[in-house]
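Undergrad: Handing you a structure now.
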Amino acid sequence: VRLVESGGGLVQAGESLRLSCAASGNIFSINDMGWYRQAPGKQRELVAIITSRGWTKYANSVKGRFTISRDYAKNTVWLQMNSLNPEDTAVYYCYAAESSAYWGQGTQVTVSS
């Protein structure tokens, strides 16, 4: 399974970005899909997850600002990020769980103040 992310970039505080992640390859049935992030000098942390049943979970720091959505037929997940602030600066990794866990290569999100 291969995960390809897109949509990162440099924005100013208060602006928005939308990340996309498409899964391809020998896919049988993906369960959870979502996003993690890792800032310099910090551990990778959960941002948002959406399950096969559509349940979602968000990090407290992004609740009310980020929205995760998913196209089950296309094995694609999006992360709409609004009201970005410099603390959101990180490399964002797409995640998918099938029989194993899969990770994308990461996309940089930089928010300037």
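The values are calculated or read from the model by the stated rules, or taken from the named source; none is laboratory data. What you are looking at is a predicted structure, and each value in this text was computed from that prediction instead of being measured. Note that we place each Cβ from the backbone using ideal geometry, even for glycine, and neighbour counts take in every protein chain shown. To get the accessible areas, we keep the full protein, side chains included, count just its heavy atoms, and leave off ligands, DNA and RNA. Shrake-Rupley method; radii C 1.70, N 1.55, O 1.52, S 1.80 Å.
Undergrad: Restricting region 49-67 to residues that are in a strand (DSSP E or B) and under 18 Å from residue 38 (Cα atoms), which is most open to solvent (accessible area, probe 1.4 Å)? Please lay out each step first, then the result.
TA: Going through region 49-67, the residues in a strand (DSSP E or B) turn out to be 49-50, 56-58, 66-67.
Filter once more, so that each one left must be under 18 Å from residue 38 (Cα atoms): 49, 57-58, 66.
Details: 49: 20, 57: 127, 58: 51, 66: 7 Å².
So, considering only residues that are in a strand (DSSP E or B) and under 18 Å from residue 38 (Cα atoms), the one most open to solvent (accessible area, probe 1.4 Å) is 57.
Undergrad: Considering only region 16-25, state which residues are at pLDDT below 95 and either in contact with an Asp or Glu (Cβ under 8 Å, 6 or more places away or on another chain) or in a loop (DSSP other than H, G, I, E, B) (or both).
TA: 25
Undergrad: Which numbered condition trips up residue 111, out of (1) free of Cβ contacts under 8 Å to residues at least 12 places away in the same chain; (2) more than 30 Å from residue 26 (Cα to Cα); (3) among the hydrophobic types (A, V, I, L, M, F, W, C)?
TA: All conditions pass for residue 111, except number (1).
Undergrad: May I pose another question? It is to be established whether one or more residues within region 26-33 are open to solvent by less than 70 Å² (accessible area, probe 1.4 Å), part of a strand (DSSP E or B) and at pLDDT below 95.
TA: No: region 26-33 contains no residue that is open to solvent by less than 70 Å² (accessible area, probe 1.4 Å), part of a strand (DSSP E or B) and at pLDDT below 95.
Undergrad: Can you spot a residue in region 1-19 that is open to solvent by 50 Å² or more (accessible area, probe 1.4 Å), in contact (Cβ under 8 Å) with a residue 60 or more places away in the chain and touching a helix residue (DSSP H, G or I) at 6+ places or on another chain (Cβ under 8 Å)?
TA: yes
Undergrad: In addition: Considering only region 48-62, I want to know if a residue exists there that is in contact (Cβ under 8 Å) with a residue 60 or more places away in the chain and in contact with a strand residue (DSSP E or B) (Cβ under 9 Å, 6 or more places away or on another chain). Steps first, answer last, please.
TA: Taking region 48-62 first, the residues in contact (Cβ under 8 Å) with a residue 60 or more places away in the chain are none.
Among the residues of region 48-62, not one is in contact (Cβ under 8 Å) with a residue 60 or more places away in the chain and in contact with a strand residue (DSSP E or B) (Cβ under 9 Å, 6 or more places away or on another chain), which makes the answer no.
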